[in-house]
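What follows draws every value from the coordinates through simple rules; no lab data is involved. Small disclaimer: the values here were computed from a predicted structure and weren't measured. Because the Cβ atoms are built from the backbone with ideal geometry, glycine has one as well, and the counts that use them run over all protein chains shown.
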Amino acid sequence: MVIVEDNLDMAQTISDFLSSEPSLEVRGTAHEVKGFQSLIERHLPDLALIDIGLDTPRSGLDLITWLRQEFPVVKPIIMTVNQGDVLEAYNLGARGYVLKSNLEILASTLLEVSEGNLIIPPKVGELFLSQVTAAQTRWKKTMDLDRFSDREKEILRHLKAGLKREDIGNRLGISFFTVRRHIQNMLEKTGEPSVKAILERFGEVLGASFPLRG
């Protein structure tokens, strides 16, 4: 196996600890993305132990994708303090996810994964389920949002950005009354009592970007 961990002391500690396990052989340790990729290409290990926050906050997740595309035989295991990316890591192809606050299960997790098992430790399982639930909620909101026309979504994005209705009309080249009619349509479609309620309901899936028009 190979390890990528940006904390030099922790990387050495983990490597020494795992090297004491007879069934695990650490072939190398890297501290950034390119070094890790070089180790993979040189050794083609069975396992890769990956920290998420390396060169960028998402580096570890991007490395899972890279492994799946370039070296699918390598089984990635995440080792991190990050509790927010459990669902995405498994969706990308992680075979295990160990929190640094729970490293006592690291060796056993690696051994289980080496035997072909996908491991979701108990503490990680709770995070996994909560993130699945949150993803399902976002998906439902996205489906509900599709009841709006493209123009209605555009107006809603401008409202989220804090523009007044008159300014939205000027930005989109339509009248104030047309903007008001679109807003009334959205209120009727959702049954919400106000624009504020619509934004509270759909804000997280609405997105902040919108086309600018003169």
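Please find the FRET efficiency linking Lys123 to Phe71, where r is the Cβ-Cβ separation and R0 is fixed at 25 Å, and quote it to the nearest 0.05.
According to the calculation, E is roughly 0.30.
With the Cα gyration tensor of the chain in hand, give its eigenvalues times 5 under a square root as the equivalent ellipsoid semi-axes, listed largest first in whole angstrom.
Listed largest to smallest, the semi-axes of the chain are 48, 18, 13 Å.
Counting Lys and Arg as +1 and Asp and Glu as -1, each charge on the Cβ, what is the dipole of the chain about the Cα centre in debye, to the nearest 20?
1620 debye
Using a Förster distance of 45 Å, how high is the FRET efficiency between Leu8 and Asn170, based on the Cβ-Cβ distance and rounded to 0.05?
The calculated FRET efficiency here is 0.20.
Of all GluC sites (Glu not before Pro) in the stretch 57-142, which ones are in loop regions per DSSP and have a Cβ with at most 14 other Cβ atoms within 10 Å?
Glu115
Calculated from DSSP H runs of 4 or more alone, at -39500 (n - 2.57) each and per residue, what is the 222 nm mean residue ellipticity of the chain, nearest 500?
The per-residue figure over the chain is -17500 deg cm²/dmol.
Can you give me the angle between helix 59-70 and the longest principal axis of the chain, using Cα atoms only, in degrees from 0 to 90, rounded to the nearest 10?
Here the helix axis deviates by roughly 70 degrees.
Can you give me the distance in nm between label points at Arg151 and Glu41, each placed 7 Å from the Cα along the Cα-to-Cβ direction?
Label at Arg151, label at Glu41, 5.4 nm between them.
Among Met143, Met79, which comes first, then next, by fewest other beta-carbon atoms within 10 Å?
Met143, Met79
For Thr190 and Thr56 in one chain, what is 0.36 nm times their gap in residues minus the Cα-Cα distance, to one decimal in nm?
Difference between extended and current length: 44.3 nm.
Have a look at Ile3, Val26, Gly96 and report the one farthest towards the positive end of the charge dipole of the stretch 2-133, computed about the Cα centre with Cβ charges (Lys/Arg +1, Asp/Glu -1).
Ranked along the dipole, the leading option is Gly96.
If eta is 0.890 mPa s and T is 25 °C, what Stokes-Einstein diffusion coefficient results for the stretch 133-201, Kirkwood Rh from Cα pairs, in µm²/s?
196 µm²/s
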